[in-house]
1. Could you figure out which of (1) at pLDDT below 75; (2) of a type in the set (Ser, Thr, Tyr); (3) part of a helix (DSSP H, G or I) isn't true of residue 44?
2. Which count do you get for residues in the stretch 48-69 that are touching a helix residue (DSSP H, G or I) at 6+ places or on another chain (Cβ under 7 Å), at pLDDT 85 or above and not β-branched (Val, Ile, Thr)?
3. Within the stretch 48-66, can you find the residues that are outside any helix (DSSP H, G or I) and either among the basic types (Lys, Arg) or within 9 Å of the chain's Cα centre (by Cα) (or both)?
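The values are calculated or read from the model by the stated rules, or taken from the named source; none is laboratory data. Here the structure is a predicted model, which is why all the values come from computation and not from measurement. Here the Cβ positions follow ideal geometry from the backbone for every residue, glycine too, while neighbour counts run over all protein chains shown.
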Amino acid sequence: MAHAGELAARREPRLVSGFLLVDDAAIRAARRVSPRTRTLAEGTGAAVLAEVLAHRERFANRRVAVVCGGGDAGSREPRALAG
């Protein structure tokens, strides 16, 4: 079974230059964008942030922007991510 990114690459190969993969634990950790400000990122934004953090050498000495939204966190989600 193909991953979503693979399907996009097949459909628009000129727009995709490669893939970076991270595990679920890295994504969960990245969801806690800033514990000091109690900011949580939603899943897809956290996945992108996790990729940048996991592949720091690839992004070293570059400006990197990651869009992280968090408007759909449920009332139980912050407690689940805290522990």
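1. Single failed check for residue 44: (1).
2. Here is the first cut: in the stretch 48-69, the ones touching a helix residue (DSSP H, G or I) at 6+ places or on another chain (Cβ under 7 Å) are 49-50, 52-54, 59, 64, 66-69.
From the residues that got through so far, the ones that are at pLDDT 85 or above too are 49-50, 52-54, 59, 64.
The next check asks that each one be not β-branched (Val, Ile, Thr); those that pass are 49-50, 53-54, 59.
Residues that pass the stated criteria total 5.
3. To start, the set of residues in the stretch 48-66 that are outside any helix (DSSP H, G or I) comprises 55, 60-66.
62, 63, 66 - these are the residues of the stretch 48-66 that are outside any helix (DSSP H, G or I) and either among the basic types (Lys, Arg) or within 9 Å of the chain's Cα centre (by Cα) (or both).
One line per residue, one yes/no per condition, for (1) modelled with pLDDT of 75 or more; (2) part of a loop (DSSP other than H, G, I, E, B); (3) out of contact with any helix residue (DSSP H, G or I) (no Cβ under 7 Å at 6 or more places or on another chain); (4) surrounded by fewer than 10 Cβ atoms within 10 Å (Cβ to Cβ):
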{"residue": "1", "(1), (2), (3), (4)": "no, yes, yes, yes"}
{"residue": "6", "(1), (2), (3), (4)": "no, no, yes, no"}
{"residue": "10", "(1), (2), (3), (4)": "yes, no, yes, no"}
{"residue": "17", "(1), (2), (3), (4)": "yes, yes, yes, yes"}
{"residue": "22", "(1), (2), (3), (4)": "yes, yes, no, no"}
{"residue": "30", "(1), (2), (3), (4)": "yes, no, no, no"}
{"residue": "37", "(1), (2), (3), (4)": "no, yes, yes, yes"}
